[in-house]
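Every number here is computed from the coordinates shown, using simple stated rules; none is lab data. A quick note: this is a predicted structure, and the numbers were derived from the prediction, not measured. Using ideal geometry, Cβ is built from the backbone for each residue, glycine included, and neighbour counts are taken over all protein chains shown.
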Amino acid sequence: MNPRHSARIGRYLLTFALVVVAVAAVYPLLFTVVSSLKTQAGFAHDPLGLPAGITLENYLEAFRRMNMPRLLLNSLITTLGGLVLSVLAALLVAYAVTKLRFRGGKIVFLLIIVTLTIPSQAIIYPLYQTVLDLGMSGQYQGLILAYAAFGLPLGTYQLAGYFQQVPDELIEAARVDGAGHLTILFRLLAPIATPALAALAIFNFVWMWNDLLLPLVIMGGSDSKTLMVGVSLLSGQYDVSVPLVSAGLIVALLPVLVIYLVFQRQLVSGALAGSGK
Amino acid sequence: MTISTAPVSEPVAADTPPAPARRPPRPGRAREWWLGAALVLPALVLAVLFKLVPLVRGVVTSTESSSGFGGSEFAGADNYTRMFDDPMVLTSFRNALLVVATLPVWIVLPLVLALLIHQRSPGWKFFRAVYFVPYTIAPIVVGIMFRQILAPDGPLNALLRSVGLQPLAIEWLNGRYSALFSLVAVALWSFFGLGVMTYLAGLATIPEETLEAAYLDGAGFFRRLWSVVVPMLRPTVAYWSVLCASGVLIWLFPLIYALTQGGPGDATMLPEYLVFLTTFQFLDRGYGSAIGIALFVFVAVLSIFSVRHMFTEGTRKPR
């Protein structure tokens, strides 16, 4: 056993371990895709194997039952609204707290990140009451504002940490050149923080699109309910077959998966940028 | 949308006379304060309206006895004392502690995988991409998916039987402990990719030269891992640990909703699901709010370290 030999065995073991985890990570997804392509009779006959023939009927049926275009639109509006509002608000706070001579800034910063400890589950009824009192129950703005509030603590923390790394001299120089604070924030700092902003945007997109409890309670059974609420309702109907549910699941997860695959590079570099301390 | 317009209109006024801001320092400073106040306003309004106000209302509601569609009356600490005699509540918090006890796995497993990927053996970028895929799938979707995977005749048990592990092919979602175990395992499946990504980001900050130097000094693989990589990775480990500690209970809600509904019996009943159930199914709002406040205290104790960590990170001046 020379060391070179054992190093090679180590390599094989390593690759083997990585492959096993990769299979575990994608198999449930593949299983769902395969199930969604089976007919109901085909699934009953052979639930585990590959389909004898491929059918797209389940997808058409899922679209018919769930009013899919409307659900997709609702999810898109609320997710984008919440994402933009949350990142914008975090951007403004992070600038005020780190780059302005602003007494009380630290307390504001603390107050905002402390709200991280308030999970939506713990306050779900009074939150629902509050949204109701604001007349925003079943309305897009109700869910958008709630998303923005729940995305705020992590966003503020990440951007503040990022701005902290930018030397104050850079800001001073821009001030001397006559740049206003908003110009500095949006023309100077935001471009520098692009990787962090991109990572934050993707992170927010994923959890807002995928969240269940807030839309379930705020949107309820209204026409503005999101895709995830629609999916949860679909799986509760007892006449629904596994292939049909599977098709619904694939439609529900596809948008985020596509976004991730398209923006994968930004996500990686953003994650790298965020941890550079 | 109305909220976000506030800071946009403000700075225009702040921008117009830039010249006199230099000479007398005090008015400039005051204006900077007003600008700062305007900038933090939207975030403050959001945090107060959707987090602090509901929290306070929750505390108030938790002291009222209110059920069904009737009115409510003041009940003092009744709802809280009631919790201590309620086996469902006690079980839910005991289950929560069991879940929290799995945190070391949540912290170590992604670390090991990130270290393996970081060896840059062929195809490491592929593995990095694939490991993140489960995280992009909504937990409610994950839950419904795993209802099939973990079914008594589902693919997992078929696999176990085919490799001769027949006795392990149990009813995963229907046992006193196997249900909670399955729930946590599915949650781990759904979130480990985020941990791997976080750790890889931290690993990327370790300079190659440092490892090179340790290698030339004759340090073996494990020596380098233990003496160089782990100490340099400590901030990342801390960050991921606090994220898991404050998040692990919260992440479970949609999975319980889809997989077990708290059952069998109360085997997978966790506080966050019990709050939902008590409030919206049993319509016992006062009691539901009290359990919610107890959950808030539980999570707050767990995540107080994360907040302290985040505060010092966000306010510390570099170097």
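With contacts taken as Cα pairs under 8 Å at a separation of at least 6 residues, chain B carries a relative contact order of 26 percent.
What FRET efficiency comes out for the pair B:ARG176/B:ARG29, r = Cβ-Cβ distance, R0 = 60 Å, nearest 0.05? Could you put the intermediate results ahead of the total?
Numbers: r = 65 Å, r/R0 = 1.08.
That gives a FRET efficiency of 0.40.
Per-residue packing, averaged as other Cβ atoms within 10 Å, sorts the ranges B:138-150, B:72-84, B:195-207 into the order B:138-150, B:195-207, B:72-84, beginning with the highest.
Before rounding to the nearest 500, sum -39500 (n - 2.57) across all DSSP H runs of length at least 4 in chain A and divide by the residue total; then give [θ] at 222 nm in deg cm²/dmol. Intermediate results must be reported in sequence, preceding the final value.
Details: 12 runs with 204 residues, N = 277.
Taking each H run of at least 4 residues, the total per residue is -24500 deg cm²/dmol.
Charged side chains reduced to their Cβ positions (Lys and Arg at +1, Asp and Glu at -1) give the protein assembly as shown a dipole of some 1740 debye around its Cα centre.
With the contact rule set at Cα under 8 Å and sequence spacing of 6 or more, what percent relative contact order holds for the stretch A:67-236? Each step should come with its number before you reach the end.
Working: 165 pairs, mean separation 68.8, N = 170.
Relative contact order, the stretch A:67-236: 40 percent.
A helix-only calculation puts chain B at -21500 deg cm²/dmol for mean residue ellipticity at 222 nm, using -39500 (n - 2.57) for each DSSP H run of at least four residues, averaged over all residues.
For B:ARG161 and A:LEU14, the FRET efficiency from 1/(1 + (r/R0)^6), where r spans their Cβ atoms and R0 equals 22 Å, is about 0.15.
Given A:LEU111, A:SER222, A:LEU88, which one lies farthest toward the positive end of the charge dipole of the stretch A:67-236, if we put +1 on the Cβ of every Lys and Arg and -1 on the Cβ of every Asp and Glu? The Cα lying farthest towards the positive end belongs to A:LEU111. The distance separating the Cα centre of the stretch B:159-195 from that of the stretch A:163-215 comes to 41 Å.
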